[in-house]
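Nothing in this text is a laboratory measurement; each read-out follows from the coordinates by a stated rule. From a predicted model like this one, the values you see are computed outputs, not experimental measurements. Because the Cβ atoms are built from the backbone with ideal geometry, glycine has one as well, and the counts that use them run over all protein chains shown.
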Amino acid sequence: MKNKLAGWAASIRNLWMMRQLNAARFGEILNEATIYGTPEAGRVHFNGRLATFAFLGRKLTLREGEVELVEVFFHDIYGRLDVKGKTVIDAGCGVGDTPIVFSLRGANHVIGYDANEKRIETAKWNVGRNCIKNTDLSCRFIKSLAELPFGEALKIDIEGGEHEIFREAEDRDILKFDEIIMECHGGYNDIEGRLRGLGYETEIYNPTFNGRNVMLYAKKAGGKR
């Protein structure tokens, strides 16, 4: 109970500071039910611009990215990917939170893309600030799986664009990935059906904080290409 109360106290403090220092984005962030209403907020020090917290024994400092911080680092929504020693393609890498997670979990190389130039600039700052190695990030609008390089694992979070990408993808461009994980916006049956038809085992889990999306994880049966 004491820990829960401390978490809520930290939530209120962070929420007020966020309102004072970042009023322009406050409404958008509040609508997404960010970290400030969760018990985990007590584990984050937020000064209105930077969030500092511990992850896997490392002290991390991130600029922006409050919305996904708890989901990515504390709820570990991408934890099903077996990234150790592998190349991970991160389509929709945002402010660099997921590349950081994959790198710290032992990925050999993380290649991240985001269509928003400002987010990529922030991602590069976050990766550099936290001394994350073997990570390449670039601003790019992903139109198809064919344009992505090879990687054993693929993560996608492109705000609904995943439906068209998987509908138009050639089988060979999907099958070059042993594992695929994504946040599905507005349904998942079409993508899950396509993946199952290609021999992937799938799992749907963890409706996200806004209640509208789910996570889809897929792995080739037997784990072999």
For the range 97-187: relative contact order, % (alpha-carbon pairs under 8 angstrom, 6 or more apart): 26 percent
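On a full-extension model of 0.36 nm per residue, what is the gain between Arg172 and Cys139, subtracting their alpha-carbon distance, rounded to one decimal in nm?
Contour length minus Cα-Cα distance gives 9.4 nm.
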Cα-projected label distance for Leu198 with Arg80, points at 7 Å along beta-carbon direction, nm: 1.6 nm
Inter-centroid distance (Cα atoms) of the range 170-203 relative to the range 72-136, Å: 21 Å
Karplus-derived 3J(HN,Hα), 6.51/-1.76/1.60, for each residue of the range 144-159, Hz, glycine and proline x: 7, 5, 4, 7, 7, x, 5, x, 5, 10, 10, 10, 10, 8, 10, 6
Surface/4 of the Cα convex hull for the range 87-223, nm²: 7.9 nm²
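Take the alpha carbon gyration tensor of the range 69-165, find the square roots of its eigenvalues, order them as a ≥ b ≥ c, and report rounded if a/c is under 1.5; if not, report prolate when a/b exceeds b/c, else oblate. Intermediate values should be presented prior to the final figure.
Numbers: a/c = 1.36, a/b = 1.18, b/c = 1.15.
Because its axes are fairly even, with a/c under 1.5, the range 69-165 counts as rounded.
State the extension gain, in nm to one decimal, for the chain segment bounded by Arg49 and Phe150, taking 0.36 nm per residue of separation less the distance between their alpha-carbons. Intermediate results must be reported in sequence, preceding the final value.
Values: separation 101, 0.36 × 101 = 36.36 nm, distance 3.54 nm.
Separation in residues times 0.36 nm, less the Cα-Cα distance, equals 32.8 nm.
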